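> One structure, pasted below without further comment.
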Amino acid sequence: MEIKIGHGIDIHQLKLGEPFYLGGVKIDSDLGILGHSDGDILIHAIVDAILGALSKGDIGTFFPSSDDKIKNVSSVIFLKKALEIMIDLEFHINNIDINIVLQRPHINSYILDIRTNLAKIIDIDIENISVKATTSDHLGFIGQGKGIMSTATLLLIKNP
Ligand code: ZN
């Protein structure tokens, strides 16, 4: 059995009045994520983990921030592109483990929605998608509410 591990990490600024999407789910908050697209760091981390597992570069390889066509687009299209590349190479995702680090807002009530939405897009069982949120205990730029970070680790398995 051929298996490949992938890891992705992403950090963006938090700003008042920006949109706030995590895993394609809209978060209700005065703060939002500053980004060229919709700034969905959770999806950006997953995309980098998929591409990383396959040694196909990173999200910027396919969607450079200099490209005006991706301005304010939903990051779900980035994930669909990464999944397309993975499917072409005859791999599937076994499971994903995601961490989100932010001081505020509290997002625990959104986690089930995020897992449900990702399971639908990726077409795997929700039990194979873990989403965890933590704070940086008021330390650093994340603790001061200026930024947000997400990591994603996943396992790809070659189709039988
Ligand atoms: Zn990003």
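Every number in this text was worked out from the coordinates using simple rules, so none of it is lab data. Bear in mind the structure is a predicted one, so any value in this text is a computation, not a measurement. Quick reminder, even Gly has a Cβ in these numbers, built from the backbone with ideal geometry, and neighbours come from all protein chains shown.
> Filter the range 44-55 for residues that are within 11 Å of the ligand (Cβ to nearest atom) and either without any contact (Cβ under 8 Å) to a residue 60 or more places away in the chain or of a type in the set (Asp, Glu) (or both) and give the result.
Answer for the range 44-55, where residues must be within 11 Å of the ligand (Cβ to nearest atom) and either without any contact (Cβ under 8 Å) to a residue 60 or more places away in the chain or of a type in the set (Asp, Glu) (or both): 47, 48.
> Looking only at the range 113-160, which residues are in a loop (DSSP other than H, G, I, E, B), closer than 23 Å to residue 74 by Cβ and among the hydrophobic types (A, V, I, L, M, F, W, C)?
Matches in the range 113-160: 124 only.
> Also, I was wondering about something else. Check whether at least one residue in the range 73-95 is closer than 22 Å to residue 149 by Cβ and of a type in the set (Asp, Glu), and report yes or no.
No, the range 73-95 has no match at all.
> Can you tell me how many residues within the range 1-23 are surrounded by 15 or more Cβ atoms within 10 Å (Cβ to Cβ), more than 16 Å from residue 97 (Cα to Cα) and among the aliphatic types (A, V, I, L, M)?
Residues meeting the conditions: 2.
> Would the range 111-131 turn up any residue that is closer than 16 Å to residue 14 by Cα and crowded, with 17+ Cβ neighbours inside 10 Å?
No, there is no match, as no residue in the range 111-131 is closer than 16 Å to residue 14 by Cα and crowded, with 17+ Cβ neighbours inside 10 Å.
> If you go through the range 115-131 one residue at a time, how many are out of contact with any helix residue (DSSP H, G or I) (no Cβ under 7 Å at 6 or more places or on another chain) and under 18 Å from residue 21 (Cβ atoms)?
Number satisfying all stated conditions: 3.
> Are there any helices (runs of 4 or more DSSP H) wholly within the range 40-112 with 2 or more residues that are under 25 Å from residue 1 (Cα atoms), and if so which?
On the way: elements: 41-53, 59-62, 76-88.
Where helices (runs of 4 or more DSSP H) fall fully within the range 40-112 and carry at least 2 residues being under 25 Å from residue 1 (Cα atoms), they are 41-53, 76-88.
> Would you mind stating whether residue 159 is in contact (Cβ under 8 Å) with a residue 12 or more places away in the chain, surrounded by 17 or more Cβ atoms within 10 Å (Cβ to Cβ) and polar (S, T, N, Q)?
Taking the combined requirement at face value, the residue does not satisfy it.
> Select, from 74, 66, the only residue that is within 16 Å of the ligand (Cβ to nearest atom) and under 14 Å from the mean Cα position of the chain (by Cα).
Sole residue among the options that is within 16 Å of the ligand (Cβ to nearest atom) and under 14 Å from the mean Cα position of the chain (by Cα): 74.
> When only residues in the range 33-63 that are acidic (Asp, Glu) and closer than 23 Å to residue 133 by Cα count, which is nearest to the chain's Cα centre (by Cα)?
40
> Here's another thing I want to ask about it. Given the structure, is residue 69 of a type in the set (Lys, Arg) and in contact (Cβ under 8 Å) with a residue 24 or more places away in the chain?
Here the answer is no, as residue 69 does not meet what is asked.
> Scan the range 24-33 and tell me whether some residue there is away from the ligand (no atom under 13 Å from the Cβ), buried (at least 18 other Cβ atoms within 10 Å of the Cβ) and without any contact (Cβ under 8 Å) to a residue 40 or more places away in the chain.
Checked the range 24-33: at least one residue is away from the ligand (no atom under 13 Å from the Cβ), buried (at least 18 other Cβ atoms within 10 Å of the Cβ) and without any contact (Cβ under 8 Å) to a residue 40 or more places away in the chain.
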